[in-house]
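First the structure, in the form of structure tokens, and then the observations on it.
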Amino acid sequence: MERGTAMATPVLPARYTLPLVEVRVSELDLGCLPEVGAVFDRLLALRPAQVVLDLSDCRHLDAAAIGLVLDVHRRLARADAALTVRNPTPRVRRILHITRLDQVLSIVSKEGPAA
């Protein structure tokens with residue numbers, strides 16, 4: 001039997017069951033909030049270490065949607081997990097900037113982290 005280094009499988013801390021969950025949302029406003037909120041409730045029950053919220057197809061965020069995103073961020077932070085917003089459209093990026101959520105949330109684009 002040959003001795004060598006076995007490849008180690010990454011082990012997640014016990015508080016997490018998944019390393020990463022990616023969600024693409026095309027609509028995020030008051031009209032669809034109950035359904036999207038229910039999806040996030042089920043997703044967070046899985047205890048992911050990181051959630052990536054892809055907003056590349058999302059055209060607008062209203063106040064209710066901002067509240068939901070902040071709630072997801074807080075719930076993940078309490079579990080020592082992370083929320084990353086990926087590829088917001090220019091309009092959504094402007095909304096995130098105006099509401100100063102770009103100072104609270106981790107926002108990345110295809111080119112890399114947001115400035």
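Annotations
- Qualifying residue in the stretch 18-39 (condition: open to solvent by 70 Å² or more (accessible area, probe 1.4 Å), at pLDDT below 90 and part of a strand (DSSP E or B)): no
- Taken as a whole, the condition of being surrounded by fewer than 16 Cβ atoms within 10 Å (Cβ to Cβ), among the polar types (S, T, N, Q) and out of contact with any Asp or Glu (no Cβ under 9 Å at 6 or more places or on another chain) applies to S109.
- Some residue of the stretch 87-94 being within 30 Å of R15 (Cα to Cα) and of a type in the set (A, V, I, L, M, F, W, C): no
- Criterion violated by I66 - all others in (1) assigned to a loop (DSSP other than H, G, I, E, B); (2) surrounded by 14 or more Cβ atoms within 10 Å (Cβ to Cβ) satisfied: (1)
- Qualifying residues in the stretch 69-94 (those that are β-branched (V, I, T) and assigned to a helix (DSSP H, G or I)) - the one farthest from the chain's Cα centre (by Cα): V92
The values are calculated or read from the model by the stated rules, or taken from the named source; none is laboratory data. Since the structure is predicted, the reported quantities are computational estimates derived from the model, not experimental observations. Glycine also receives a Cβ, built like all others from the backbone with ideal geometry; neighbour counts cover every protein chain displayed. Note: accessible area is taken over every heavy atom of the protein model, side chains too, but ligands, DNA and RNA are not part of it. Shrake-Rupley method; radii C 1.70, N 1.55, O 1.52, S 1.80 Å.
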